[in-house]
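Peer 1: Okay, here's the structure, questions in a sec.
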Amino acid sequence: FLSIPLIKRIRVWDPEANLVLACRPGLGEVFTRFNLVDRVIEVNKKNESGRAGALSQLLAERWQTVFVPHQSP
């Protein structure tokens, strides 16, 4: 939830940006429900298959800009 101010500023900076949020399971619904992001990739860091699945989704696309506000991506 600490990233909400950053996400709002990104929307102001680039209103047309397709914002994708990588987050813990269960948090993404809040961000999509309030139209803060366009899509969510949930990362279950507790098991290897959860991390691998999220990484596969992230690597399957090309990204124009990536913001990593967390110190342990």
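The values are calculated or read from the model by the stated rules, or taken from the named source; none is laboratory data. Predicted model only: the values in this text are computed from it and were never measured. So basically every Cβ, Gly included, is an ideal-geometry build from the backbone, and we count neighbours across all protein chains shown. The protein model used for the area step is the full one, side chains on, heavy atoms only, and it has no ligands, DNA or RNA in it. Shrake-Rupley method; radii C 1.70, N 1.55, O 1.52, S 1.80 Å.
Peer 1: Which percent of Cα pairs goes in each bin when the distances of region 20-73 are cut into 10 angstrom slices starting at zero?
Peer 2: Computed distribution, short to long bins: 22, 55, 22, 0.
Peer 1: Here is a follow-up. Counting only heavy atoms of the protein chains, get the accessible area per residue of region 13-73 (1.4 Å probe) and round it to a whole Å² value.
Peer 2: 80
Peer 1: Measure nothing fancy, just the Cα-based angle from helix 48-59's long axis to the longest principal axis of the chain, in degrees from 0 to 90, nearest 10.
Peer 2: 40
Peer 1: List the residues whose amide H sits under 5 Å from the amide H of residue 41, counting only those 5 or more places along or on another chain, with H placed 1.01 Å from N in the peptide plane.
Peer 2: The list, which skips near neighbours in sequence, is 21, 22, 23.
Peer 1: For a paramagnetic label modelled at 7 Å from the Cα of residue 56 toward its Cβ, which residues of region 32-50 fall within the zone defined by backbone nitrogen distances under 19 Å?
Peer 2: Inside the label zone: 40-50.
Peer 1: I would also like to ask the following. What FRET efficiency would be calculated for the residue pair residue 24, residue 65, taking the C-beta separation as r and a Förster radius of 22 Å, to the nearest 0.05? Don't skip to the answer; put the middle values down first.
Peer 2: Values: r = 22 Å, r/R0 = 1.01.
Efficiency, from the Cβ-Cβ distance: 0.50.
Peer 1: Of the accessible area of the chain, with the probe set at 1.4 angstrom, what percent is carbon plus sulfur?
Peer 2: 56
Peer 1: Rounded to the nearest 500, what is the 222 nm mean residue ellipticity of the chain from helices alone, with -39500 (n - 2.57) per DSSP H run of 4+ residues and division by all residues?
Peer 2: -11000 deg cm²/dmol
Peer 1: Right, next: When only Cα pairs under 8 Å and 6 or more residues apart are kept, what is the percent relative contact order across the chain?
Peer 2: Relative contact order here is 23 percent.
Peer 1: Also, quick follow-up: Place a +1 charge on the Cβ of each Lys and Arg in the chain and a -1 charge on the Cβ of each Asp and Glu, then give the dipole magnitude about the Cα centre in debye, rounded to the nearest 20.
Peer 2: Result for the chain is approximately 200 debye, rounded to the nearest 20.
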